[in-house]
Amino acid sequence: DGLLPELFGRIDAHGNLHEGAKVSGIVMTLIATFVPFGYLDDLISSGILIAFSMTNCCVVILRCESPFGQPTEYLHHCLVAYNALCFLSALTLRHLWNPSENNIIGP
């Protein structure tokens, strides 16, 4: 469908995607080598949040039927705003609000 480069779709004689796996593995190894674990932890959590939100939004879009054949652009804009607000609220809670200083959570 053209969403990924052709390299990731090349299949060998046994039906495996070796080239795409090698490129992905090298990139992930470089990232894991040079980025501190604290940042990787935040990136992994953010990636899971984004993937979950995008999957749910795609399900909503697929199940939505527009009355009278009208476009569902308003729904698309609302879902983009929802994903942006989820991501920004997660970043805000993680970096601007420190529960240990306010003693809100825990002893």
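The values are calculated or read from the model by the stated rules, or taken from the named source; none is laboratory data. This is a predicted model, so every value here is computed, not measured. Counting neighbours? That spans all protein chains shown, and the Cβs are built from the backbone with ideal geometry, glycine included. All accessible areas refer to the heavy atoms of the entire protein, side chains included, with ligands and DNA or RNA removed. Shrake-Rupley method; radii C 1.70, N 1.55, O 1.52, S 1.80 Å.
A search for C-beta distances below 6 Å between a residue of region 41-52 that is under 13 Å from R94 (Cβ atoms) and any residue that is of a type in the set (A, V, I, L, M) and in a helix (DSSP H, G or I), counting only pairs 6+ apart in sequence or on different chains, returns L49/A90. When we screen G2, G47 for residues that are at positive phi and out of contact with any Gly (no Cβ under 9 Å at 6 or more places or on another chain), the only hit is G2.
Pairs meeting the criteria (first residue in region 26-40 and open to solvent by less than 80 Å² (accessible area, probe 1.4 Å), second residue modelled with pLDDT of 85 or more, beta carbons under 8 Å, at least 6 apart or on different chains) are L40/I31; L40/A32. The requirement of being at pLDDT below 85 and loosely packed, with under 10 Cβ neighbours inside 10 Å is fulfilled nowhere in region 12-21; no residue meets it. The residues of region 61-107 that are at pLDDT below 80, over 30 Å from G38 (Cα atoms) and surrounded by 10 or more Cβ atoms within 10 Å (Cβ to Cβ), listed by number, are I61, C64, S66, T72, Y74, L75, H76.
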